[in-house]
Structures are given as C-alpha cells and as structure tokens.
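To start, the structure itself, in structure tokens.
The values are calculated or read from the model by the stated rules, or taken from the named source; none is laboratory data. Because the structure is a prediction, the values reported are computed rather than measured. Reconstructed Cβ throughout: ideal geometry from the backbone, glycine too, with neighbour counts over all protein chains shown.
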Amino acid sequence: MHILSFAATLAAVPPWVANWLTPVWLLGIGAVAGLLLLAVLWLLVAALSRLPGVASWTQDAEWARGSWSGRILAPILSLISPRTAAEVPLAVREGPLWPILIITVSFAAFGIVGAALVQEPGAALRSLARLPVVGEQTSVREVPVSEPENPQDPLSDRVAHVVPLSMIAAEAAEIRFGSDQNLEIATRPFVDVKAGATIEVLANEPVTWIKGQQTASPFLETDVTELHVRNKGTEPARLSVTVVSAPPIPEVRTIPITALSVVAVFVFYIVTRTVAPRLSAIALAAYKNEVSQPLFAIFMVVGLVALFAFIWIPFYTFGEDIKVLKDSGLTTVLVLGIVQAVWAASNSVSEEIEGKTALTVLSKPIGRRSFIIGKFLGIMWSVAILFVVLGALLLLVTAYKPIYDARESVTNDATWQVCHMEMTYVVPGLVLAFIETAMLAAISVAISTRLPMLANFVICFAIYALGHLTPLIVDSSIGQFVVVQFLGQLIAVVFPTLDHFSLQAAIAGGQSVPLAYLGATFLYGTIYCFIALLLALFLFEDRDLA
C-alpha cells in the first residue's frame, strides 16, 4: 500500500519539479548526515565527560594553567568536561548557530520527506554507499610476447594473454593504458569482440579511454574481471592500467561535502566558545548587536528580493541567462557582505571607542587582544549568517534557472544533472567571496581602532578598488614602465590582491574551481587576516580610551 502511494505521488509530480528538487534533496540528505554526526559527537562528549576522573583532570588542568603543560592540557580537557556537554544546547540557541541550525533542519526535513518528489532517490543512496570504494587505482602487469596462433601462417591472429583486472562497468569513468610495446586490448576473448571494440596501444604512447566518448561500440559494456591482451612487440610488455572509477551517480559527492561543512561550522563555534570563553563572549555580544541593527535586516531583504528577481529578469543573452544570474548573484552577496562587514567594524569598534563603551568593557578581566579578536569574530558571524541565508537561496535559484529558461524557450526540460552542475558551480564563488569579505573586515577592524566610520569606508573602498585593479595595471601596457610596475608590485604586497578571489566570470562560464586553488586562497586569506589583526592590536594597544 505504501509503495503504491509512493508511486502515485511520484507520478503526480511534474518532471521539471523533480529535476529542480533533486539537487536540493541531495543537500537535504547531506544536512541529515551532518546533524546525525553532530548528535553522535555530542553524545560522545557527554559520555566521555561522565567517565571517572575526567572532572578532576579538568580541575587539575585549570589549576595548572600557569605552567606550559597546563596551558596546553586545559583547553583540550575542557572540550570533554561535563560543563561543555551541558552548555552545547545553550550555545546553539543563543548564538549564530541558531539560524544556521534552522536552515540546516529545513534542508534536512526536505531530505527526509522529499524522496517522493525527486529523481532516482534509491539509486542515489546506493551510489552514496559506493563512494568510499571508488577512486583511482593503478596496476602494472607483464605481458609475454604473443606468438601467432598458427605458426605456419605468419598472418594468423596472435595468441591473447589474460591479465586479471576487476572493473565495474557502471563505475568505470576513465581508463588509461600505457605500455613499452604495441598491444591490442579487449575486455573479453577476441573471437567475441565486435569490430572496433578494442584498444590499440602503441609503444610509449599512452591511450585514454573515456566512457561515452567512443565513436564505435563501447569498450566497456559489462563488468570486467580480466583483460585479453595481444602483445605485438618483440619483447615482453610492461602494461600499466589506471582505472578511474566513480559512483553511477557522481552527484552524490554533494552529500558528504554538505555534511562535513555543517559539522565544521558547529564544531568551530563550540571549540572557540569552550577554549576562549572571554573572547567568545565579546564575539557573541558583537554578533547580537549587529544582527539586531535595522541595516542588517535591510541587507537581508534586499539580497533576498534581488536573488528572487534574477529568475525572471530578462538579461537578453540569447540563452545564456544562467551565466548572468550566477555572476549577478555572487556579486550581490559579495557587495552586501563587504558593506555589512565594514559598517559593523565601524559600529562595533570605532563608535564603542568614541562612546567610552570599550573602556567599560576593558575594565573587566578582558584584555585588548580578546576585545579586538572577539569583535572580528562577532562581525564575521553576522556576515556568515548573511552568506548562509543568501547563499542557500542562490543555490535554489541557480538550480531552478535552467528549467525556467528551457520552459521560456519551449525546449526540452533541463535534466536534474544539469541543475545540479549549475548549482555546484556557485559554491566555490561563495567561499571565495566570504574569504575576501573576511580580509576586508580584518582591515576595517584595524582602521576602526584609530579612524571614524566615514574614513573607514573611504579607505576600505580604495583598498577594494586597488586590490582588483592592481594586477590589471601591472599586466597592461602602462605597467611596462618601471615606476608603474614598481608601484603596482608594492601595492600588491602591502594590500591584498583581491583579484584572486574574483572568479565570477569563470564560474558563470561553467568553469570548475580546483580544490587546490581554494586551499591556496584560503591560506592566503588566513595569513592576511592574521597580519591585519596584528596591525589592529598594535594600533589599539596604546590607544587612549579615556
């Protein structure tokens, strides 16, 4: 009865709705997995905190904070203390984790109930189970020389040698062959092979077979347990075979990435709150103050309305509206995030210094380092909420846009794979935009320790413009002059090279951003934020607050 009801529900859903919601459902399953991992971690911490002696160890480490061992041991033991386990629900409810939790739970709820509305949910879950075992594997085999089957007839076919190799047809995405002799390779005995369904490998000339790109019949039609190889050379061949396998539905990689992202955000906040409670208190106060401001709500509403409007705005690009939508959406989120960060830095640091509020805060057992770093973290948490809300909507809009364009042009509906591909292209752009915003926020915090809001905005705008224009000036014909080139390189060293984070055009054009590039930009952004905060501490250290 339940199966019939499920089938009837699926049949009643229009295909374009299922194609749009399938990528969203994958995000929902990732949210479910992330929440389950967080629950397991919380239960594990709660269980460890109840072990005999843990409470006394934590107290001993707290008393020993004056020693080097105590300084290292105390934060570690505080993570598994009974106090930490008890404060996790409070930390989730009162800080930036609460809106993030609401969005995550919303996606997770759709991941649970949306299986009846999407394409191939069972196949996707089976592909997810295969994800840990797929990848790239290389094997090297020696193949003897193949003699003619009929020694009396030199033109007869050569003897084929069997080389053991296991491949699942549905998962083999790419196969690379290399040899030092001429070879002919098939996946079954040559007498059963159709014409053109073999691979010719010349000596020292690697050959790559990619599934779905063969002009003749497919090389790989069924599961393979062995290869049949004819060595046409005069010496034994050294055959190397590299099999790149992927799950039948490779889009399921979205699920673990989403789950790990959710876990990373929650764990980072809990660890920061536990290890640095005073700094976290400053950050929490700054976050609450910024999100309660009317300007934050205005930025949120403007972003939501703009992203919704981008669906229906005709960009007159002759079928390429999706590119302009991605570019415009990323730029909108970036600009709103930067303005929010700079304004919040001026409001939280400069105005509190001028209004003597900072003097009141620092009269308590809170150092100036905790004050500056806590303000920066609080500002970034408010920016993170802006990015999470607008970013989630941008993903939904981007997944729907190919379907909307296809229906407007009266063509075939876009497949859910296309919707998923366009949606995932946006994610690296959001990450790069957030890193760029964090760099400008750190600079703004440093400026706010000495200058008021207007000067802060002017300087940050100038740094933003120079960060994007300096590489263009250096690479242009004007940059060939020694003085211009020197000044450009000097500016590029002193100020952040923000052009490295502006990949909207490439992302809009469907170019994927390598993971190594994201890692390099993250490291660059982290180092620059660290330097900017050191400058902020230097400027704030001797600032007269009275």
Could you tell me whether the stretch 425-432 includes any residue that is over 30 Å from VAL105 (Cβ atoms), modelled with pLDDT of 75 or more, surrounded by fewer than 23 Cβ atoms within 10 Å (Cβ to Cβ) and not assigned by TED's automatic domain parsing to the domain that holds LEU117? no
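State all residues of the stretch 275-321 that are hydroxyl-bearing (Ser, Thr, Tyr) and surrounded by 13 or more Cβ atoms within 10 Å (Cβ to Cβ); if no residue qualifies, say none.
Residues of the stretch 275-321 hydroxyl-bearing (Ser, Thr, Tyr): 280, 287, 292, 316-317.
Matches in the stretch 275-321: SER280, TYR287.
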Could you tell me whether the stretch 446-467 includes any residue that is in a helix (DSSP H, G or I), modelled with pLDDT under 90 and of a type in the set (S, T, N, Q)? yes
Picking from VAL342, VAL324, VAL349, which residue would you name as being within 24 Å of GLN511 (Cβ to Cβ) and either in contact (Cβ under 8 Å) with a residue 12 or more places away in the chain or assigned to a helix (DSSP H, G or I) (or both)? VAL324
If a residue has to be of a type in the set (Phe, Trp, Tyr), outside any helix (DSSP H, G or I) and under 20 Å from LEU390 (Cβ atoms) to count, how many in the stretch 266-317 make the cut? 1
Could you grab me the full set of residues in the stretch 397-420 that are within 18 Å of the chain's Cα centre (by Cα) and under 12 Å from ASN19 (Cα atoms)? ALA399, CYS419, HIS420
Are any of the residues in the stretch 511-531 at pLDDT below 85 and not aliphatic (A, V, I, L, M)? yes
Given the structure, is THR272 modelled with pLDDT of 90 or more, surrounded by 14 or more Cβ atoms within 10 Å (Cβ to Cβ) and not aliphatic (A, V, I, L, M)? no
Pairs, please: C-beta under 9 Å, at least 6 apart or cross-chain, first residue without any contact (Cβ under 8 Å) to a residue 24 or more places away in the chain and in the stretch 497-512, second part of a loop (DSSP other than H, G, I, E, B) and β-branched (Val, Ile, Thr)? ALA506/VAL513
How about the stretch 100-122: which of its residues are modelled with pLDDT of 90 or more and surrounded by 15 or more Cβ atoms within 10 Å (Cβ to Cβ)? ILE100, LEU101, ILE103, THR104, PHE107, ALA108, PHE110, GLY111
Return yes when GLY378 is more than 30 Å from PRO314 (Cβ to Cβ) and either under 21 Å from the mean Cα position of the chain (by Cα) or modelled with pLDDT under 90 (or both) and no when it is not. no
Looking at the stretch 409-445, which of its residues are of a type in the set (Asp, Glu) and part of a helix (DSSP H, G or I)? GLU422, GLU436
Just the residues that are surrounded by fewer than 17 Cβ atoms within 10 Å (Cβ to Cβ) and closer than 18 Å to GLU142 by Cα, please, taken from the stretch 164-175. PRO164, SER166
